Every structure is written in C-alpha cells, then in structure tokens.
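Let me begin by presenting the structure, written as structure tokens, before commenting on it.
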Amino acid sequence: MDELAHLAAKAELSENLVLDTARETVERFRVVWDAEKNNLPMAAKVRDMIDAHVPSIELYRECT
C-alpha cells in the first residue's frame with residue numbers, strides 16, 4: 001500500500017481514494033474468483049497456479 005500511496009501523491013490524487021479503490025478491486029476479484037474460477041474455461045493447472053500465486057502478491061495480502 002505504501003507504493004500506491006507514493007504513486008497517488010506523485011499523480012496528485014487522493015491517497016484515500018487510491019487505497020480504497022485498490023482494496024475494493026482486490027475484494028471484488030476475490031469474490032468473483034472464488035465464485036467463478038471453476039466455471040471459467042481454463043485448465044485446472046492454470047486455476048491452481050493462480051490460487052498459489054495470489055497470496056504472493058503484496059497488495060492481495062495487505063487487503064485480506
């Protein structure tokens with residue numbers, strides 16, 4: 001989140017707006033992914049790789 005706050009400041013955007021939008025985006029991804037990942041046209045291996053990868057994303061971890 002520190003990086004997003006820094007980018008918000010450089011872009012002269014509201015830090016709260018940027019951080020809230022990031023949190024909302026992660027939450028919306030999680031809800032849709034959990035509900036639909038088994039219905040998407042992808043191999044199980046790809047789905048498993050995504051599930052294994054998302055916890056390594058700092059923004060994802062910070063918003064959970």
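Just so you know, all these numbers are worked out from the coordinates, no wet-lab data involved. Quick caveat, the model's predicted, so the values are computed rather than measured. Methodologically, a virtual Cβ is constructed for each residue, glycine included, from the backbone with ideal geometry; neighbour enumeration extends over all protein chains shown.
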Residues in region 1-31 that are loosely packed, with under 11 Cβ neighbours inside 10 Å and assigned to a helix (DSSP H, G or I) total 7
message = Among the residues in region 55-63, are any assigned to a helix (DSSP H, G or I), touching a residue at least 12 places away in the same chain (Cβ under 8 Å) and among the hydroxyl-bearing types (Ser, Thr, Tyr)?
response = yes
In region 19-36, anything of a type in the set (Gly, Ala, Ser) and within 15 Å of Leu4 (Cβ to Cβ) is listed as Ala22
The condition from (1) within 12 Å of Met1 (Cα to Cα); (2) more than 16 Å from the chain's Cα centre (by Cα) that Lys45 misses is numbered (1)
Every listed condition ((1) surrounded by 11 or more Cβ atoms within 10 Å (Cβ to Cβ); (2) part of a helix (DSSP H, G or I); (3) of a type outside the set (Val, Ile, Thr)) holds for Met42 save (2)
